[in-house]
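Colleague: Let me begin by handing over the structure; questions about it come next.
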C-alpha cells in the first residue's frame, strides 16, 4: 500500500507527514507535487498543513484549483481515501469534498498548543478504534480553524456519525472552555458521508513518535490505512 503526500507552494508540514508515515509507521510514501496530475499509484492521498499559496483570499481557496486536485477529486469519487490536516482540511472543504467551512478563530489570533480530543465516530476508520471514553493529546497550529456548518448540515453530521473528533478537556468532557477556536459543536474533524474523505485541524503527524514524547497521533494515522491493509 502506498501513501501520497501532496506539496503545495506554502506547505510546511509535508515533510513532517512524510516522516511520520514513512519512518514512524513504516508505510511506503511518495511525495506528490501540486502541478502534477499523476497520483503515482497512491492508495491514500494526504493533504498536509501549511499556508498553501500564502492563504490568499481564504485558506485553501487557491489550492483547490491546483492541477493535482482534479486527480484527488476523481480518486475520492471512486472511493479512494483522502485525508487533509489543518490547511489540508481547509482545502478539502473549499473543494467540496468535505462539508462545512473553516473560519477565523473566535479570538482572531493564531493558536499553537496541545489540545485534547474526544474520538466520536464509531464508523470512521480514523477514530473508531480509539477509546471514546478518554482524551488524546494532539497539537494545533492555526488561525482559521473555527469549523462552521449550518444547522441542517450539523444534524446530518451527527445523524450519520461523520464527526471524527471534538475538542474536550483532559477528562474527555466536551465543554466551551476546551474549545480553542469557537468551532460549532466543538468539532475538530469530520468525514464525508461515504467515509472515505477525512479532515481535521489538529496535527496527528506531530504526535506520532516517542522522540516527540507523544504517540497519540499514531493511532489516527495508522487507522487511516487499517481497512486497506486488511
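Each reported figure results from applying straightforward, stated rules to the coordinates on display, with no laboratory input. Just so you know, these numbers come straight off a predicted model, no measurement behind them. No Cβ is skipped: glycine too gets one built from the backbone with ideal geometry, and neighbour counts run over all protein chains shown.
Colleague: Decide, for the stretch 1-76, between rounded, prolate and oblate: order the square roots of the alpha carbon gyration tensor eigenvalues as a ≥ b ≥ c, take rounded if a/c falls under 1.5, and otherwise choose prolate if a/b is larger than b/c, else oblate. Let's see the in-between values first.
Modeller: Working: a/c = 2.57, a/b = 1.36, b/c = 1.89.
It comes out oblate by the Cα gyration axes.
Colleague: Now a separate question. What list do you get for 83, 27, 65 if you sort them by fewest beta carbons within 10 Å? List each step's numbers first, then the result.
Modeller: Details: 83 28, 27 20, 65 12.
In order of increasing Cβ crowding within 10 Å: 65, 27, 83.
Colleague: Roughly speaking, what is the stretch gain from residue 36 to residue 122, that is 0.36 nm per residue apart minus the C-alpha to C-alpha distance, in nm to one decimal?
Modeller: Between residue 36 and residue 122, full extension yields 27.4 nm more.
Colleague: Enumerate the whole-percent occupancy of each 10 Å bin, from 0 to the last occupied one, for all C-alpha pair distances of the stretch 2-229.
Modeller: Going out from 0 Å in 10 Å bins, the stretch 2-229 shows 9, 38, 40, 13, 0 percent.
Colleague: Going by how many other beta carbons lie within 10 Å of each one, how would you line up 200, 1, 15, 69, fewest first?
Modeller: Working: 200 27, 1 11, 15 14, 69 21.
Lowest count first: 1, 15, 69, 200.
Colleague: Suppose only helical runs count, i.e. DSSP H with n ≥ 4. What mean residue ellipticity at 222 nm does that imply for the chain under -39500 (n - 2.57) per run, divided by all residues and rounded to the nearest 500 deg cm²/dmol?
Modeller: -5500 deg cm²/dmol
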